[in-house]
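Here is the structure we will look at.
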Amino acid sequence: MRQLVVGLTACIAVLGFGRCAYAQQEQPEEAGPGEGKPAAPAAQPTEAAAQPSAGGAKSLWSDIVVIPRKAVLKTGRLELAPFAGVTLNDPLIRHYAIGGVLTYFFSDVFGVGIEGEYYRRQITDRGSLIGLQYHRVPTINEMHWAAALDFSYVPIYGKFAFFNHGIIHWESMVIGGVGMTNTEIIPRNPSDQTFVNYDITPNLGIGGRLFMTGWWSIWFNFRDYVFPDKFENTNRMPGSSGEQAKSQADTQIINNVMFAIGASFFVPTGFNYHTPR
């Protein structure tokens, strides 16, 4: 019994000593006489110090604009657009065209221009096989050249990202005008004389531009050239002259739908903004 009491007393003494030692480690040391106080925390930089000096470099965000200005301005500039084209809607004869458009822009959306194109014909497979299949020779005309005075208006302008590598600016346009088309009949009998026509030709279409730089773009349009054309009469007498055949010709309204694509170049090559950013 005595040994048990002695053992319990020793355990209580050991535990009490350890608790006192742990409490002494938790208490901070008091500064001795003559020792300085802890240093104050470092002062935060003031707003004035954070601002760059007047003569220093600009901050990185100063040139970021939420809505950038239009990349290309056309007011007072001349556009030269050489192009190549092809007719789309005639199943018997196809025409390939080369030409050009010269446009002056009175404002950024409105321009007036002149155009001209030269045509080369190609009889399609269907046109060549009609005589073999139906024992008939089709009545068709070929076009030689055309010229027109055009008016263009740009209602829509925008931009898109090209595979996240750059931004391409584009615009759509409405084109209309009036001009003249020169055509010639292809006589059913190759030995007969031909005659030519000079037809007043209004046109209407839509197109667009993809701006590669500030001075050149990819130019394209779809246009419908409408004109009354004279065709060889189906009852033409063999050996009649071209003038006689023209006086007896049948008149039909022709829709010559053409797609054209090319490059446009602006002169002068540079431009200035006249409004603040």
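What follows draws every value from the coordinates through simple rules; no lab data is involved. Everything numeric in this text was worked out from a predicted model, so none of it was measured. Counting neighbours? That spans all protein chains shown, and the Cβs are built from the backbone with ideal geometry, glycine included.
Remarks
- With neighbours defined as other Cβ atoms within 10 Å of a residue's Cβ, the residues Ser128, Ser264 order from fewest to most as Ser128, Ser264.
- In this structure the amide hydrogen of Val257, modeled in the peptide plane, comes within under 5 Å of the amide hydrogens of Leu88, Asn89, Tyr225, none closer than 5 places in sequence on its chain.
- 3J(HN,Hα) along segment 156-166, derived from phi through the Karplus expression 6.51 cos²θ - 1.76 cosθ + 1.60 where θ = phi - 60°, amounts to 10, 9, x, 8, 8, 8, 9, 6, 6, 10, x Hz, with x in place of Gly and Pro.
- Whole-angstrom gap from segment 83-116 to segment 218-264, using each part's C-alpha centre: 17 Å
- Fewest-first ordering of Asp199, Asp125 by other beta carbons within 10 Å of each residue's beta carbon gives Asp125, Asp199.
- Exposure proxy order (Cβ contacts within 10 Å, fewest to most) of Ser217, Ser172: Ser172, Ser217
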